[in-house]
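Just so it is clear, none of the values below were taken in a lab; they were calculated from the coordinates. Model, not experiment: these values are computed from the prediction. Please note: Cβ atoms are built from the backbone with ideal geometry, for glycine as well, and neighbour counts cover all protein chains shown.
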Amino acid sequence: MKIQLQALGFILAIATLVAAAANPIGPNPNPKRGLVYCPSKLYPNDDQNWIQPESPLTWYYNYGGKPSTALEGGATELQFVPMLWGNYKNTFIADVKNAIAQGYNITHVLGFNEPDIKGNGGSNITPDAAAARWKTDIQPLAELGIKLGAPAVSGAQAGVTWLKSFFAACNDCTFDFIPLHWYGNFDGLASRIGQFTKTFRNQSQSFWLTEVAYSHQNVPATQKYFNLTMDYLDRLPTIERYTWYGTIRSNHSSIGPNATLLNEEGGLTYIGAWYLNKNQSQAASVAGDPTEH
């Protein structure tokens, strides 16, 4: 299975190599493409990048249960997807219901963020504790017709083990889609998606890639990966939605300066422009410019 998936990745890479040299222009709006919104108190004006006219972005999440008002009132309306980040005292259900009462179109929610790891954004929850919290703070939302996303484990193999244990502990729970994260190479991404669709086919047939990037690579490798990955995800029926990770400025990035959508001055990098279906000429790129690295 892994060999077949890697072969598929190679074929797709060759098929899109010419397109990868230019900027890929996809559907506008794109029902799959979203935003991992990481607000910055230092640079609030950066938020304007994500709500410009003719954007392909259609949805976002912010690792929390309340909508981000900074993304409202622009030319692009993004659907908010709430997340219960970790196992802590919370008002998640009340927050979701309140958002619905205020007129927000809440159709999906996300479960815990990287519960299999501690630090680096991981919520560090045992499978049993996560299952208990799920039953009280997430499962009841299904009664409102909201679709439930399973916990999004890290890209480590231990994440698969954690998720198996979680599903066993939460065997009377329901899951409408399964998120996953990936920061490695393209063949690894294709293999990981194949692994999830095979391993967890009894839990769901739908998958979201809620964090993806190629971390700590040079500009040509990052751009090639970006173009191949966007084409692959847009074509792959099992991936219902995806989000590139990197709304943070390049000089504040934990995954390397070349993976971000914004340069150190808050302008779009080349991949930032491409992600928003803009031309290279519309990028104010420093990081992400192949002539720079």
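What is the distance in Å between the Cα centroid of the range 50-64 and that of the range 239-277? Each part's Cα centre sits 13 Å from the other's.
Using Cα centres only, tell me the gap between the range 211-229 and the range 74-128 in whole Å. Rounded to whole Å, the Cα centres lie 27 Å apart. Working note: 222 nm ellipticity from helices only, DSSP H runs with n ≥ 4, each -39,500 (n - 2.57), summed and divided by the residues of the chain, gives -9500 deg cm²/dmol to the nearest 500. Dipole size of the chain about its Cα centre, with +1 on Lys/Arg Cβ and -1 on Asp/Glu Cβ: approximately 620 debye, rounded to the nearest 20.
DSSP finds beta bridges in the chain, and of those with both partners inside it, around 10 percent are antiparallel. Its Cα gyration tensor gives the chain an equivalent ellipsoid, and the semi-axes of that ellipsoid, as √(5λ) in whole Å with the largest first, are 30, 23, 17. The residues packed around residue 249, meaning those with a beta-carbon under 14 Å from its beta-carbon, carry a net charge of -3 if Lys and Arg are +1 and Asp and Glu are -1. Where both bridge residues fall in the range 53-203, DSSP classifies roughly 20% of the beta bridges as antiparallel.
Simple rule: put +1 on each Lys or Arg Cβ and -1 on each Asp or Glu Cβ in the chain, find the dipole, and look at 274, 197, 76; the Cα lying farthest toward the positive end is 197. Considering only 141, 220, 129, the residue lying farthest towards the positive end of the dipole of the chain is 129, judged by Cα position with unit charges set on Cβ. For the range 81-176, a simple Cβ point-charge model (Lys and Arg +1, Asp and Glu -1, everything else neutral) yields a dipole of about 100 debye relative to the Cα centre.
Quick check: the angle from helix 219-235's long axis to the longest principal axis of the chain, C-alpha only, nearest 10 degrees? It is inclined by approximately 50 degrees.
Counting every other Cβ atom within 10 Å of each residue's Cβ, 219, 212 order from fewest to most as 219, 212.
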